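Asker: Below you will find the structure I want to go over with you.
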Amino acid sequence: MKKATILFMFALLATVSVSAQKYITKNGYIRFFSSTPVEDIEAHNRQVNSALDQKNGDFVFKVLMKSFQFEKALMQEHFNENYVESDKFPNATFSGKVKNIGEIDFTRNGVYQTTVEGDLTIKGITKKVTEKGTFEVKDGKVIGKSTFNILLADYGIKIPNTVASNISKTIQIDVEVNLEKLAK
Amino acid sequence: MKRKILTAGAVLAGLGLIAGIFVYFFLFNKPHTDYSKAEADFEMKAVAVFEEFRTNPELASGKYNGKVLSLTGELTAVEQPDSLTIAVFSYEEGMFGSEGVRFTMLPEYAGSVIAVAPGSTLTLKGLCTGYNETDVIMEHCSVVK
């Protein structure tokens with residue numbers, strides 16, 4: 001009994017220690033933007049789950065494809081039904097590391113330039129990506145921001161010829177996550 | 001004869017114009033669905049939906065994603081990140097804190113949930129967009145009762 005209690009205390013201490021190093025949000029923001037001479041198309045998603053481990057730099061986010069909001073209902077329908085097939089592939093994920101996590105001083109307010117490297121999965125296709133971004137430490141919170149481009153063809157997203165002039169082959173992705181220390 | 005051809009041409013042009021207007025307003029520019037007025041595909045307890053997603057996410061996704069759900073449960077909290085108002089029904093404590101069902105309220109219903117005390121029983125209706133391994137996400141939500 002005594003041994004079990006000691007083991008439980010060790011497990012509890014380990015959990016507290018690990019969770020104190022994690023920053024999370026359930027309301028991260030991702031926007032994608034396509035620009036062509038014919039029209040600009042953008043969509044917004046404010047339901048992004050994201051977590052950053054301060055100790056080892058692990059950084060993940062998960063996006064529900066059906067949570068993207070478009071200005072036009074028809075665009076949203078085409079996006080879900082034809083382009084990303086969100087019934088078949090409901091999530092997009094990123095799982096990687098902040099390569100220079102050691103350069104971020106989580107105890108001091110400031111903006112830190114970072115490089116994030118990992119696996120981006122969209123429509124069931126995973127590609128290695130390395131992108132620049134910033135992490136701003138502000139009053140105990142961490143605001144992560146990055147803007148990068150993806151090629152639709154890399155993720156098996158085919159645009160029909162009839163609307164090929166309306167949708168860019170390269171899409172700009174903006175990510176902003178306001179991470180808070182996981183309280184436990 | 002020439003007059004008949006001109007008349008037929010004018011009629012065809014008119015029909016084409018009407019078709020164009022129809023396509024522009026009712027297809028290309030059709031409005032987003034008003035989920036507060038939509039009929040629910042499923043009416044059930046929120047905890048039951050959460051359990052289905054948690055135990056078999058693939059099966060539950062096929063059943064509920066993109067469907068209108070009317071879910072009843074106990075309000076745990078109301079969060080207001082940025083411009084959103086999110087009603088939360090929590091059922092578990094996981095690696096990312098509390099887990100359950102998260103309802104993003106339509107702006108006109110935000111005040112209704114803010115006014116409700118945590119612990120109260122609510123029925124909220126909206127579009128289920130899926131499960132992100134911690135929570136079931138509901139969008140465009142309104143208060144049923």
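Asker: Taking A:PHE94 and the conditions (1) touching a helix residue (DSSP H, G or I) at 6+ places or on another chain (Cβ under 7 Å); (2) under 28 Å from A:TYR83 (Cα atoms), which numbered condition does it fall short on, given that it satisfies the others?
Answerer: (1) is the only condition that A:PHE94 fails.
Asker: Which residue is surrounded by the fewest Cβ atoms within 10 Å (Cβ to Cβ), if the candidates are limited to the range A:26-47 and must be more than 17 Å from the chain's Cα centre (by Cα) and among the small types (Gly, Ala, Ser)?
Answerer: For the range A:26-47, the residue satisfying everything is A:SER35.
Asker: Taking the criterion of being in a loop (DSSP other than H, G, I, E, B), within 14 Å of another protein chain (Cβ to nearest Cβ), aromatic (Phe, Trp, Tyr) and surrounded by fewer than 17 Cβ atoms within 10 Å (Cβ to Cβ), would at least one residue in the range A:80-89 satisfy it?
Answerer: Step one: of the range A:80-89, the residues in a loop (DSSP other than H, G, I, E, B) are A:84-89.
From what's left, within 14 Å of another protein chain (Cβ to nearest Cβ): A:84-89.
Filter once more, so that each one left must be aromatic (Phe, Trp, Tyr): A:89.
Within this subset, residues satisfying the condition of being surrounded by fewer than 17 Cβ atoms within 10 Å (Cβ to Cβ) are A:89.
Looking for residues that are in a loop (DSSP other than H, G, I, E, B), within 14 Å of another protein chain (Cβ to nearest Cβ), aromatic (Phe, Trp, Tyr) and surrounded by fewer than 17 Cβ atoms within 10 Å (Cβ to Cβ), one finds at least one in the range A:80-89, hence yes.
Asker: Based on this model, can you work out whether B:SER90 counts as more than 17 Å from the chain's Cα centre (by Cα) and in a strand (DSSP E or B)?
Answerer: On the way: more than 17 Å from the chain's Cα centre (by Cα): yes; in a strand (DSSP E or B): yes.
Answer is yes for this residue.
Asker: Just need a number here: residues in the range B:71-107 that are touching a residue at least 12 places away in the same chain (Cβ under 8 Å), among the polar types (S, T, N, Q) and within 9 Å of chain A (Cβ to nearest Cβ).
Answerer: Counting residues in the range B:71-107 that are touching a residue at least 12 places away in the same chain (Cβ under 8 Å), among the polar types (S, T, N, Q) and within 9 Å of chain A (Cβ to nearest Cβ) gives 1.
Asker: From the residues in the range A:58-74 that are at the interface with chain B (Cβ under 9 Å from one of its Cβ atoms) and assigned to a strand (DSSP E or B), which one is farthest from B:VAL88 (Cα to Cα)?
Answerer: Top of the filtered list is A:PHE70.
Asker: Would you say A:GLU77 is within 14 Å of chain B (Cβ to nearest Cβ) and without any contact (Cβ under 8 Å) to a residue 12 or more places away in the chain?
Answerer: Numbers: within 14 Å of chain B (Cβ to nearest Cβ): yes; without any contact (Cβ under 8 Å) to a residue 12 or more places away in the chain: yes.
Here the answer is yes, as A:GLU77 does meet what is asked.
Asker: Right, next: Mind counting the residues in the range A:125-184 that are basic (Lys, Arg), more than 28 Å from A:ASN82 (Cα to Cα) and part of a loop (DSSP other than H, G, I, E, B)?
Answerer: Total meeting the criteria: 1.
Asker: While we're looking at this one, here's another question. Would you check which residues across the range B:108-145 are hydroxyl-bearing (Ser, Thr, Tyr), outside any strand (DSSP E or B) and more than 14 Å from every other protein chain (Cβ to nearest Cβ) and list them? Steps first, please.
Answerer: So the first thing to find is which residues in the range B:108-145 are hydroxyl-bearing (Ser, Thr, Tyr), and the list is B:109, B:112, B:120-121, B:123, B:129, B:131, B:134, B:142.
Now drop any that are not outside any strand (DSSP E or B), which leaves B:109, B:112, B:120, B:134.
Correct list: B:TYR109, B:SER112, B:SER120.
Asker: Do you know which of the residues in the range A:48-57 that are crowded, with 16+ Cβ neighbours inside 10 Å and in contact with a helix residue (DSSP H, G or I) (Cβ under 9 Å, 6 or more places away or on another chain) is farthest from the other protein chains (Cβ to nearest Cβ)? It would help to see each step written out before you state the result.
Answerer: Residues of the range A:48-57 crowded, with 16+ Cβ neighbours inside 10 Å: A:48-54, A:57.
Imposing the further condition that a residue be in contact with a helix residue (DSSP H, G or I) (Cβ under 9 Å, 6 or more places away or on another chain) reduces the set to A:48, A:52-54, A:57.
Values: A:VAL48: 8, A:LEU52: 12, A:ASP53: 11, A:GLN54: 15, A:GLY57: 17 Å.
Among those that are crowded, with 16+ Cβ neighbours inside 10 Å and in contact with a helix residue (DSSP H, G or I) (Cβ under 9 Å, 6 or more places away or on another chain), it is A:GLY57.
Asker: With the requirement that a residue be away from chain A (no Cβ under 11 Å) and either touching a Gly at 6+ places or on another chain (Cβ under 9 Å) or within 19 Å of A:GLN76 (Cβ to Cβ) (or both), what does the range B:54-70 give you?
Answerer: B:VAL68, B:LEU69, B:SER70
Since every read-out is calculated from the coordinates, none of them should be taken as a lab result. Being a predicted model, the structure only gives us computed values, none of them experimental. Counting neighbours? That spans all protein chains shown, and the Cβs are built from the backbone with ideal geometry, glycine included.
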